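**Q** Here it is, the structure, as C-alpha cells.
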Amino acid sequence: MKLLTSALIVLGLGMAIPAVAQEAAPVAAPTATAAPAAAAPAATPAAAAPAEKVAAPAPLKPDAEYGQPVDKGYALPPQVTKNGQFALWMHNVLLMPIITIISVFVLGLLLWVMFRYRKAANPIPSKTSHNTLIEVIWTLVPVLILVGIAIPSIGLLAAQYKPVGKDAITIKAIGNQWFWTYEYPDHGGFEVVSNMLPDAEAKKRGEPRLLAVDNRIVVPVNVPIRVLTTSNDVIHSFAMPAFWTKMDAVPGRLNETSFTAERVGLYYGQCSELCGARHGFMPIAIEVVPQAQFEQWVKSKGGTMPGSKPAATEPVGSAAPQAPAAVTAAAAEAPAANAATPANATAPAAAK
C-alpha cells in the first residue's frame, strides 16, 4: 500500500512540473522583447541633429571708382540707382549749365555797367526811370527758367518718396551713439551691429579709413530695398551718396526711404546729422551682391528667406512606435502559447 501511494505521488509531481514550466515561460518573453523598444529611441537623436552652419560668402573689395570718395574729386559720385542717375543728369546737364550761364551773364553786365557808365565816360547821368521791354524780359526769362527746373525736380522728389512694392526687402536701420544696428524683419528678424574699424584694421583689409566697418549691410542687386530709420538716443541720419539716399533717424519715430541698386559692389556712407562727439565715426557700408550670394549670407546669419519652409524633421520619439513591431508580433504569439498552456495544465487534474 505504501509502495502504491509513493508511486502515485511521484507520478503526480512528474505531471505537475511541465505545467508549471509552461505557465512561467510567457512571463520571460516580454523581457526578451523589451530590448528593441529600449534600443529604438537611440536613433531619435540622430534624426534631430542640427543642420550644419552655412558659411558666409567672401566679403567684397572696395572699388576705387565707385562707392567711396575720390582724391581731389569735386563732382557728385557715380550713381548706381535710377533716382541717382536722374539726379546726376539734372546736376550736370540742367543745373550746372543754367547757373553757369546766369553767373557769367550777370558778371558781364556788372563789368559793362562799371565801364560804360563810369564818371569819366558819362559825366551827365541818365535820368531813365524804366524800360517796358527790359522789365518784361527780366520777368519772363527767370519764370521760364524756374519752370524748366521745377518740372524735373518735382518728378525726382516724387520718385524718391514713391512707396516700394510688396516684393521689396525691409531693413530697419537704428542709430546709436555712435554705431548702427540693422534688422532684417523679412528674413527671420536677425540683427547686425556695425561699428567702425580702427585705422590699422581698415588698412589691413584695403578699405578707406573712417569708412570701413566690421559688419556690413548686404542687399541683392536689382531688388527694391525699403529702409526704415529710427534712433535709440539722438537724431542721426542714414546717408548713402552713391544711392542718392538720405533719411533722418529720429528717436520714437519711423521714417522710410528706399533704393534699388543696379550694380554689384561695395558702397560707403556716413551719419549725416550732428549727433555728438563721435559723429564723424559712424560709417555705413553696403554690399550689393547677386541673389544667390545674398541668400547664402542670410542663412549664415541664422535667417530665413521669405516663403521658405524649414526642413521636415521627425518629432522626438517618432521612431519608437516602429521598433515595437517585433514586440507586437511576439505578444500576439504569447496568447496562443498561453491558450495552449491551460489545456496542458489541466491534464493532470483530469488524470487525477
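The values are calculated or read from the model by the stated rules, or taken from the named source; none is laboratory data. Everything quoted here is computed from the prediction, not taken from an experiment. Positions of Cβ are generated from backbone atoms using ideal geometry, with glycine treated the same way; all protein chains shown enter the neighbour counts. Just so you know, the surface numbers come from the protein's heavy atoms only, side chains and all, with ligands and any DNA or RNA stripped out. Shrake-Rupley method; radii C 1.70, N 1.55, O 1.52, S 1.80 Å.
**Q** Find, among the chymotrypsin sites (Phe, Trp or Tyr not before Pro) in region 151-189, those assigned to loop by DSSP (not H, G, I, E, B) with at most 12 other beta-carbon atoms within 10 angstrom.
**A** Values: sites: TYR161, TRP178, PHE179, TRP180, TYR182; in loops: TYR161, TRP178.
Answer by residue number: TYR161.
**Q** Related question: Please find the FRET efficiency linking VAL104 to TYR161, where r is the Cβ-Cβ separation and R0 is fixed at 25 Å, and quote it to the nearest 0.05. Don't jump to the answer; show the numbers that get you there.
**A** Working: r = 35 Å, r/R0 = 1.40.
E(calc), rounded to 0.05, equals 0.10.
**Q** Which ³J(HN,Hα) values in Hz, rounded to whole numbers, follow from the phi angles of region 207-213 under the Karplus curve 6.51 cos²θ - 1.76 cosθ + 1.60, where θ = phi - 60° and Gly and Pro get x?
**A** 10, x, 5, 6, 10, 6, 10
**Q** Here is a follow-up. Whose amide H sits under 5 Å from the amide H of SER231, counting only residues 5 or more places off or on another chain, with H placed in the peptide plane?
**A** Amide H to amide H, under 5 Å and 5 or more residues apart or across chains, SER231 pairs with GLY175, VAL250, GLY252, ARG253.
**Q** OK, next. Measuring from centroid to centroid over Cα atoms, what is the spacing of region 85-117 and region 213-239 in Å?
**A** Result: 38 Å between the Cα centres.
**Q** Keeping all protein chains in place, calculate the accessible area per residue for region 182-301 (probe 1.4 angstrom), answer in Å². List each step's numbers first, then the result.
**A** Working: 5030 Å² over 120 residues.
Per residue, region 182-301 has an accessible area of 42 Å².
**Q** Let me ask something else. Suppose accessible area is computed on protein heavy atoms with a 1.4 Å probe; arrange LYS162, LYS204 from highest to lowest. If you can, show how the numbers build up before the last one.
**A** Numbers: LYS162 135, LYS204 160 Å².
Highest to lowest solvent-accessible surface, that is LYS204, LYS162.
**Q** How large is ³J(HN,Hα), in whole Hz, for each residue of region 293-302 in order, when computed from phi with the Karplus curve 6.51 cos²θ - 1.76 cosθ + 1.60 and θ = phi - 60°, using x for Gly and Pro?
**A** 5, 5, 4, 5, 5, 4, 5, 5, 8, x
**Q** So what is the accessible area of region 61-131 per residue, in Å², with the probe set to 1.4 Å? Show your work: numbers first, answer last.
**A** Numbers: 5850 Å² over 71 residues.
The answer is 82 Å² per residue.
**Q** Set the Förster distance to 45 Å, then compute FRET efficiency between LEU144 and LYS53 from the Cβ-Cβ distance, nearest 0.05.
**A** For R0 = 45 Å, the calculated efficiency reads 0.10.
**Q** In straight Cα distance, which lysines are under 25 Å from LYS61, not counting same-chain residues fewer than 8 positions off?
**A** LYS53, LYS72, LYS82, LYS172, LYS203, LYS204, LYS246, LYS299, LYS301
**Q** Quick one: Karplus J couplings for region 275-289, per residue in order, coefficients 6.51, -1.76, 1.60, θ = phi - 60°, nearest Hz, x for Gly and Pro?
**A** Those phi angles translate into 10, x, 4, 10, 4, x, 10, 10, x, 10, 10, 10, 9, 9, 10 Hz.
**Q** Now a separate question. What's the center-to-center distance, using Cα atoms, between region 131-166 and region 179-198 in Å?
**A** 40 Å
**Q** If I ignore ligands, DNA and RNA and count only protein heavy atoms, how much of MET114 is accessible to a 1.4 Å probe, in Å² to the nearest 10?
**A** About 130 Å², ignoring ligands and nucleic acids.
**Q** What order do LYS72, LYS301 take when sorted by accessible area (1.4 Å probe), most exposed first? Present the calculation step by step, with values, prior to reporting the outcome.
**A** On the way: LYS72 180, LYS301 85 Å².
Correct descending sequence by accessible area is LYS72, LYS301.
**Q** Here's another thing I want to ask about it. Counting other Cβ atoms within 10 Å, which trypsin sites (Lys or Arg not before Pro) in region 124-203 have at most 12 and lie in a DSSP loop? Before the final figure, lay out each step's value.
**A** Working: sites: LYS127, LYS166, LYS172, LYS203; in loops: LYS127, LYS166.
The qualifying sites are LYS127, LYS166.
**Q** Another question about this same structure. Taking 30 Å as R0, compute the FRET efficiency from the Cβ-Cβ separation of LEU111 and ASN131 and round it to 0.05. Please report the intermediate quantities before stating the final value.
**A** Working: r = 20 Å, r/R0 = 0.68.
That pair, LEU111 with ASN131, gives E of 0.90.
**Q** With label points built 7 Å along Cα→Cβ from the Cα atoms of ARG253 and SER308, find their separation and express it in nm.
**A** 3.7 nm
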